[in-house]
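Engineer: Starting off with a structure, shown below.
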Amino acid sequence: MSTPPVPKLGTLTEDQTRGAACVHCGAPLDSATAVDLGERRTRRAGAPVRWFPRACAGCGTAS
């Protein structure tokens, strides 16, 4: 199984966009449980934006 693609930034909750919840399932995250999915670049309101999505171990690991 591979990691699913990261959802579009505009479809996520505030907690998901700031890394406090998994971008896939919404599970709460902390520094011990989060899997860093790497820097992403997009545009928001016409301006370039960098963001750093995180996932839970179940959603963020490829096997």
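The values are calculated or read from the model by the stated rules, or taken from the named source; none is laboratory data. Everything numeric in this text was worked out from a predicted model, so none of it was measured. Every residue, glycine as well, gets a Cβ built from its backbone with ideal geometry; the counts of neighbours run over all protein chains shown.
Engineer: Restricting to the range 33-55, give me the number of residues that are part of a loop (DSSP other than H, G, I, E, B) and either surrounded by fewer than 11 Cβ atoms within 10 Å (Cβ to Cβ) or hydroxyl-bearing (Ser, Thr, Tyr) (or both). Walk me through it before giving the result.
Structural biologist: If we filter the range 33-55 for residues that are part of a loop (DSSP other than H, G, I, E, B), which is where we start, we get 33-34, 37-39, 45-46, 52-53.
From what's left, either surrounded by fewer than 11 Cβ atoms within 10 Å (Cβ to Cβ) or hydroxyl-bearing (Ser, Thr, Tyr) (or both): 33, 38-39, 45-46.
Residues that pass the stated criteria total 5.
Engineer: Looking only at residues in the range 33-63 that are in contact (Cβ under 8 Å) with a residue 40 or more places away in the chain and of a type in the set (A, V, I, L, M), which one is farthest from Thr11 (Cα to Cα)?
Structural biologist: From the range 33-63, those in contact (Cβ under 8 Å) with a residue 40 or more places away in the chain are 49, 51, 53, 55, 59-63; that's our starting set.
Add one more test, that the residue is of a type in the set (A, V, I, L, M), and what stays is 49, 55, 62.
Details: Val49: 15, Ala55: 15, Ala62: 23 Å.
Among those that are in contact (Cβ under 8 Å) with a residue 40 or more places away in the chain and of a type in the set (A, V, I, L, M), it is Ala62.
Engineer: Here is a further query. For the range 13-27: of the residues being touching a residue at least 12 places away in the same chain (Cβ under 8 Å) and part of a loop (DSSP other than H, G, I, E, B), which is nearest to Ala45 (Cα to Cα)? Before the answer, list the steps.
Structural biologist: Filtering the range 13-27 for residues touching a residue at least 12 places away in the same chain (Cβ under 8 Å) gives 13, 15-17, 19, 22-27.
So of that shortlist, the ones also part of a loop (DSSP other than H, G, I, E, B) come out as 13, 19, 22-27.
Details: Thr13: 17, Gly19: 21, Cys22: 24, Val23: 21, His24: 23, Cys25: 26, Gly26: 24, Ala27: 27 Å.
The residue in question is Thr13.
Engineer: All but one of (1) in contact with a strand residue (DSSP E or B) (Cβ under 9 Å, 6 or more places away or on another chain); (2) at pLDDT 95 or above hold for Thr61; state the number of the condition that does not hold.
Structural biologist: (2)
Engineer: On the basis of being modelled with pLDDT under 90 and crowded, with 16+ Cβ neighbours inside 10 Å, does Gly19 make the cut? Can you show your working first?
Structural biologist: Numbers: modelled with pLDDT under 90: no; crowded, with 16+ Cβ neighbours inside 10 Å: yes.
Criteria not met by Gly19.
Engineer: Run Asp30 past the list (1) crowded, with 16+ Cβ neighbours inside 10 Å; (2) over 17 Å from Leu9 (Cα atoms); (3) out of contact with any helix residue (DSSP H, G or I) (no Cβ under 7 Å at 6 or more places or on another chain) and report the number of the one that doesn't hold.
Structural biologist: (1) is the only condition that Asp30 fails.
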